[in-house]
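Q: Sharing a structure, written as structure tokens. Questions coming.
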Amino acid sequence: MNYNNKKFKPVSNSDNGETSEDTLVEYKQKNNILTSTYCGGQIKEGHLIGLVDDDGGIEMCYHQINLRGELMTGTCFSKPEIMDNGKIRLRETWKWTSGDKSKGNSILEEI
């Protein structure tokens, strides 16, 4: 699976997460290396880097500056599925490595 130039928006997130439907995530991929910049909603600026496995799963680390001016960091694993319309849905399990170090789940869909 190749995520290069694909854009995603969160459709759900745990209460302790910072992404929302106002966040736009745009992926770039070269071989199995994935990068992204994202912003919107509670996030002023965010970046991630990750590895895409043979099944399209993504293991990543991210960092972002929120509207409170805090640097937040975390790790995430995204599992893809193809929706009826042919676009990708990502089911994510994530964990903050900063702040309260809590865990959560989110779903992103390709736009």
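The values are calculated or read from the model by the stated rules, or taken from the named source; none is laboratory data. This structure is a prediction, so every number in the text was calculated from the model and none was measured. Note that each Cβ is placed from the backbone with ideal geometry, even for glycine, and that neighbours are counted across all protein chains shown. Ligands, DNA and RNA are stripped out before the accessible areas are found, and what is left, the full protein with its side chains, is counted by its heavy atoms. Shrake-Rupley method; radii C 1.70, N 1.55, O 1.52, S 1.80 Å.
Q: Rolling a 1.4 Å sphere over the protein heavy atoms, what is the accessible area per residue of region 54-111, to the nearest Å²? Intermediate results must be reported in sequence, preceding the final value.
A: Numbers: 3390 Å² over 58 residues.
For region 54-111, the solvent-accessible area averages 59 Å² per residue.
Q: When only DSSP loop residues count, what GluC sites (Glu not before Pro) in region 9-68 have their Cβ near at most 10 other Cβ atoms within 10 Å? Working shown, then result.
A: Values: sites: E18, E21, E26, E45, E59; in loops: E18, E21.
In loop regions of region 9-68 (DSSP not H, G, I, E or B), there are no sparsely surrounded GluC sites (Glu not before Pro).
Q: In the chain, what percent of the accessible surface is made up of carbon and sulfur (1.4 Å probe, ligands and nucleic acids excluded)? If you can, show how the numbers build up before the last one.
A: Working: 3130 of 6270 Å².
Using a 1.4 Å probe with all protein chains present, the chain comes out at 50 percent carbon and sulfur.
Q: Still on this structure, I have one more. Taking the Cα centre as origin and putting +1 on Lys and Arg beta-carbons and -1 on Asp and Glu beta-carbons, what dipole magnitude results for the chain, to the nearest 20 debye? Can you show the working numbers first?
A: On the way: 14 positive and 17 negative charges, 38 e Å.
That gives a dipole near 180 debye.
Q: Using the Karplus curve 6.51 cos²θ - 1.76 cosθ + 1.60 with θ = phi - 60°, work out ³J(HN,Hα) for each residue of region 46-54 in order, rounded to whole Hz, and write x for Gly and Pro.
A: x, 9, 9, 9, x, 10, 9, 8, 5
Q: What net charge do the residues around M83 carry, taking every other residue with its C-beta under 14 Å from that of M83, with Lys and Arg at +1 and Asp and Glu at -1? Write down the numbers at each step before the final one.
A: Numbers: positive: K6, K9, K79, K87, R89, R91; negative: E81, D84, E109, E110.
That sum, taken over residues with Cβ under 14 Å, equals +2.
Q: Give me the tail of P(r) for the chain as a percent: Cα-Cα pairs with distance above 20 Å.
A: Tail of P(r) above 20 Å: 32 percent of Cα pairs.
Q: Suppose every Lys and Arg Cβ carries +1 and every Asp and Glu Cβ carries -1, with no other charges. What dipole size does region 29-69 come out with about its Cα centre, to the nearest 20 debye?
A: Working: 3 positive and 5 negative charges, 77 e Å.
Charge dipole of region 29-69: 360 debye, to the nearest 20.
Q: Taking Cα pairs under 8 Å and at least six residues apart, what relative contact order does the chain come out at, in percent?
A: Details: 292 pairs, mean separation 25.6, N = 111.
Reported as a whole number, the value is 23 percent.
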